[in-house]
Amino acid sequence: MAEPVFKRILLKLSGESLMGSRDYGTDPERIRAVAQAIKDVHDRGVEIAIVVGAGNIYRGMKGAAAGMDRATADYMGMLATVLNALPLQDALESAGVHTRVQSAIKVEEVAEPYIRRRAMRHLEKGRIVIFAAGTGNPFFTTDTAAALRAVEIHAEAILMAKNGVEGVYTADPREDPDAMLIPEITHMEALQRGLRVMDATALTLCMENRLPIHVFNMDDEQNIERIVSGERVGTLVKPEAGETA
């Protein structure tokens, strides 16, 4: 297999990628499969940070959040990401990978507080770091947290795992049967066309810092290793021509 083309990556996992065939919550078998795929890449010497979403849990909380103040609902979502980070940490450590969870909200009994230099030191020591609780602020998505943390730790790329779609399309493939996969696009083009790569704040942050984004289907866990090996999988969102990634 080809040598890894990245030394340090940030993997953005949606909450839905952890729930398998369930309606909400986490599926232990699915988490073990994801953890094994991450371990396989880590074993090749790639430093890995992870940001987890909470769609799998928040789907079960929608009724409770209906009519709630937006900030309160966002804090509930942040706490839900911690509930996803912990079983993923457990699965990784069961597979033999030293892992740390860092939370942007203080939950010191179960996770370290987010400290940038400590996170980078963990990565340098060969530990996987899972960033939980988003940015710690309401009104910002876990996409924005992924972009922010990736820039902070000097990741070379974001691997954006999608649930059930192969990458970025011209339209929503679930609604438009004529939607076509876009193999490569610039950050600016994605913003101008309003494509659903990630939210606009996150995408702008990646564009300003010339950070490439690989958008791929997490249904096949081996896609992570393929991208790290330099294979073209899904969609590459890249800086404008003349800029270096």
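Per atom type, region 1-97 shows carbon and sulfur on 51% of its accessible surface, probed at 1.4 Å. Placing a label point 7 Å from the Cα of A95 along the Cα-to-Cβ direction, no residue of region 1-17 has a backbone N closer than 12 Å. The charge dipole of region 140-245, taken about its Cα centre with unit charges on the Cβ of Lys, Arg, Asp and Glu (plus for the first two, minus for the last two), comes to roughly 180 debye.
For region 81-126, averaging the sequence separation of C-alpha pairs within contact (under 8 Å, six or more residues apart) and dividing by the residue count gives a relative contact order of 25 percent. For the chain, compute the number of Lys pairs whose alpha carbons are separated by less than 30 Å, excluding pairs fewer than 8 positions apart on the same chain. Final tally of qualifying lysine pairs is 22. Its relative contact order, with pairs defined as Cα atoms under 8 Å and 6+ residues apart, puts the chain at 22 percent.
The values are calculated or read from the model by the stated rules, or taken from the named source; none is laboratory data. This structure is a prediction, so every number in the text was calculated from the model and none was measured. We place every Cβ from the backbone using ideal geometry, glycine too, and count neighbours over all the protein chains shown. What goes into the accessible areas is simple: the full protein's heavy atoms, side chains included, and nothing from ligands, DNA or RNA. Shrake-Rupley method; radii C 1.70, N 1.55, O 1.52, S 1.80 Å.
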